[in-house]
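Q: Mind having a look at this structure? Questions to follow.
The values are calculated or read from the model by the stated rules, or taken from the named source; none is laboratory data. As the structure is a computational prediction, the values presented were derived from the model and not from experiment. For neighbour counting, all protein chains shown are included, and Cβ atoms are generated from backbone atoms with ideal geometry for every residue, glycine included. We work out accessible area using only protein heavy atoms, side chains counted, and drop any ligands, DNA or RNA first. Shrake-Rupley method; radii C 1.70, N 1.55, O 1.52, S 1.80 Å.
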Amino acid sequence: MAGDTFGRLFTVTTFGESHGVALGCVVDGCPPGLPLEESDIQKDLDRRRPGQSRHVSQRQESDSVKILSGVFEGVTTGTAIGLLVENEDQRSRDYTKIKDKFRPGHADYTYQQKYGIRDYRGGGRSSARETVMRVAAGAIARKYLATKLGIRIVGYLAEIGPIRLEPRDLESVGENPFFCPDPSRVAELEEFLTQLRRDGDSIGARIDLIASGVPVGLGEPVFDKLEADLAHGLMSINAVKGVEFGDGFKCVHQRGSEHRDEITPTGFAKNSSGGTLGGISSGQDILVSIALKPTSSIQVPGRTIDTEGKATEIVTTGRHDPCVGLRATPIAEAMVALTLMDHYLRHRAQNADVKSTPPL
């Protein structure tokens, strides 16, 4: 099985390849009555779309979404929502000269070994182009969470190579091609990425995400902890190699007296845990970071083997992102939204009648 479905009550099943006719998904479990039109989804797709600056892939895709089902007279019906995005700018010829070589750092070798066949055109199903449908589905979840619960999900570029960025102005994140939270550093990023392209190389990145307004109680406390499912969703994004919550790996160096989030009658003193306790949301902001590796599609020659097992050299040309983290923010936001949506419906199903002490 390919594992094309995410979620339990709010499920998303995606299909399509990088150079195929189209990409699509089926979103099931969305409650009825949510006002929804294509423009609600398109605005998030536009944030992810390639070709919007010289520092990302120059593949020219409009990523125009079509709602095929599940919406009637402007609102969701409670039935399956079908979404479709057609591919418009495939250049499969870019891959013909390396079709018999395994690109190091890509899924070429593992797909070939697992299935005995692979789509060499941009990686086929393993391409990050698949994430367009995650963003489309995530836009539906994001709208429901914002409308019904007041949840806001914001991501930003926190680190790229040697450059660390502080969240000086989160409102400015959407105003530059880097999702940079500090407008004063945009020129520095421009210079760094320009040099990276001249070198024909790539770089990794870290994205920080904040989900605010999350109610207390989301998450199931054994195998389906909220952070476990968030990590599952975020780790399923292409190129993600690490996930951490709150203080993350810094807790290795902390004492218990330092790490624990003390509780006062007016709320928590801090948020080292990243918004969960025992796998259940605490009502604080969900704080999560992801680390993305540098793309392996670069012009620096590297060693590999061909389909006959013979040693060879490879150089990847064509249209590629020198830093996949530059367009990862809306994808990561989408996976957070999908996870929170699924867990909200699961919590509502079992615990809607629970009475407890007032939350902080």
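Q: Treat each spin label as a single point 7 Å out from the Cα along the C-beta direction, and report the S356 to V300 distance in nm.
A: Result for the modelled spin labels: 4.9 nm.
Q: So how strong a dipole does segment 113-208 carry about its Cα centre when Lys and Arg Cβ are +1 and Asp and Glu Cβ are -1, to the nearest 20 debye?
A: Here segment 113-208 has a charge dipole of around 800 debye.
Q: Taking the convex hull of the alpha carbon atoms in segment 224-360, what volume per residue do you get, in Å³?
A: 174
Q: Show me, for segment 284-297, the HN-Hα J-couplings you get by feeding each phi into the Karplus relation (A = 6.51, B = -1.76, C = 1.60, θ = phi - 60°), rounded to Hz, glycine and proline as x.
A: Result, rounded to whole Hz: 7, 4, 7, 10, 9, 10, 10, 10, 10, 6, x, 4, 8, 7.
Q: Another one. So how much accessible area does D353 have, in Å² to the nearest 10, using a 1.4 Å probe?
A: Around 140 Å² of this residue is reachable by solvent.
Q: Something else: Round to the nearest 10 and report in Å² the accessible area of R48, as given by a 1.4 Å probe over the protein chains' heavy atoms.
A: 10
Q: With +1 on the Cβ of every Lys and Arg and -1 on the Cβ of every Asp and Glu, and nothing else charged, how large is the dipole of segment 252-299 about its Cα centre, in debye rounded to the nearest 20? Before the final figure, lay out the partial values.
A: Working: 4 positive and 4 negative charges, 34 e Å.
Using only the charged Cβ atoms, the result is roughly 160 debye.
Q: Long-range amide H contacts for S69: which residues qualify at under 5 Å (H placed 1.01 Å from N, peptide plane, sequence gap of 5 or more or a different chain)?
A: Long-range HN contacts for S69: G82.
Q: So how much slack lies between L170 and K43, counting 0.36 nm per residue of separation and subtracting their Cα-Cα distance, in nm?
A: 43.9 nm
Q: Could you give the accessible area per residue of the chain, probe 1.4 Å, as a whole number in Å²?
A: 48
Q: Per the 1.4 Å probe, what fraction of the accessible area of the chain, in percent, lies on carbon and sulfur atoms?
A: Ligands and nucleic acids excluded, carbon and sulfur give 52 percent.
Q: Among 258-269, 97-108, what's the highest-first ranking by average C-beta atoms within 10 angstrom per residue?
A: 97-108, 258-269
Q: Taking the full set of protein chains and a 1.4 angstrom probe, give the accessible area of R152 in square angstrom, rounded to the nearest 10.
A: R152 exposes around 120 Å² with every protein chain in place.
Q: Please turn the phi angles of segment 152-161 into ³J(HN,Hα) values with the Karplus equation 6.51 cos²θ - 1.76 cosθ + 1.60 (θ = phi - 60°), one per residue in order, whole Hz, x for glycine and proline.
A: 10, 10, 10, x, 7, 6, 9, 7, 9, x
Q: Suppose every Lys and Arg Cβ carries +1 and every Asp and Glu Cβ carries -1, with no other charges. What dipole size does the chain come out with about its Cα centre, to the nearest 20 debye?
A: 640
Q: Tell me which lysines have Cα within less than 23 Å of K225's Cα, excluding those fewer than 8 residues away on the same chain?
A: Excluding near neighbours in sequence, the set is K148, K241, K250, K270, K355.
Q: Still on this model: Please compute the contact order of the chain in relative form: average sequence separation of alpha-carbon pairs under 8 Å and at least six residues apart, divided by the residue count, as a percent.
A: Working: 738 pairs, mean separation 75.5, N = 360.
Across the chain, relative contact order equals 21 percent.
Q: Now for a different question. Going by accessible area, probe 1.4 Å, with all protein chains left in place, what is the ranking of Y109, Y144, largest first?
A: Output order, biggest surface exposure first: Y109, Y144.
Q: Work out how much length V315 to A349 would gain on full extension: take 0.36 nm times their residue separation and subtract the Cα-Cα distance, in nm to one decimal.
A: Working it through step by step, the gained length comes to 7.0 nm.
Q: Residue separation times 0.36 nm, minus the C-alpha to C-alpha distance between R152 and T307: what's the value?
A: Working: separation 155, 0.36 × 155 = 55.80 nm, distance 4.73 nm.
Extending this stretch completely gives an extra 51.1 nm.
Q: Calculate, for E262 and D4, the FRET efficiency according to 1/(1 + (r/R0)^6) with r their C-beta to C-beta distance and R0 51 Å; round to the nearest 0.05.
A: Computed FRET efficiency for E262 and D4 comes out at 0.70.
Q: Sticking with this structure for a sec: Per residue, what volume in Å³ does the convex hull of the Cα atoms of the chain enclose?
A: Here the figure is 154 Å³ per residue.
Q: Give the cross-link partners of K310 among the lysines, using a straight C-alpha distance below 24 Å as the criterion and excluding same-chain residues fewer than 8 apart.
A: In chain and number order, the partners are K97, K99, K101, K114.
Q: For segment 71-151, take the convex hull of the Cα atoms, compute a quarter of its surface area, and give me that in nm², please.
A: Taking the Cα atoms of segment 71-151, their convex hull projects to 8.4 nm² on average.
Q: Rounded to whole Å and ordered largest first, report the semi-axes of the equivalent ellipsoid of segment 143-188 derived from its Cα gyration tensor (root of 5λ).
A: 26, 10, 8
Q: Just for the Cα atoms in segment 181-223, what are the lengths along the principal axes, largest first, rounded to whole Å?
A: Sorted from largest, the Cα extents of segment 181-223 read 49, 27, 7 Å.
Q: Amide H to amide H under 5 Å from L277: which residues, 5+ apart in sequence or cross-chain, H placed 1.01 Å off N in plane?
A: S282
Q: If you average 1/r over all unlike Cα pairs in segment 125-255 and invert the result, what Kirkwood radius do you get in angstrom?
A: Every distinct Cα pair counted, the radius reaches 17.2 Å.
Q: Also, I was wondering about something else. Please identify which residues in segment 222-259 have an amide N closer than 14 Å to a label point set 7 Å out from the Cα of E159, following the Cα→Cβ vector.
A: Inside the label zone: 241-252.
Q: For segment 148-222, taking Cα atoms only, what is the radius of gyration to one decimal and the Dmax to the nearest whole Å?
A: Just the Cα atoms of segment 148-222 yield Rg and Dmax of 16.0, 50 Å.
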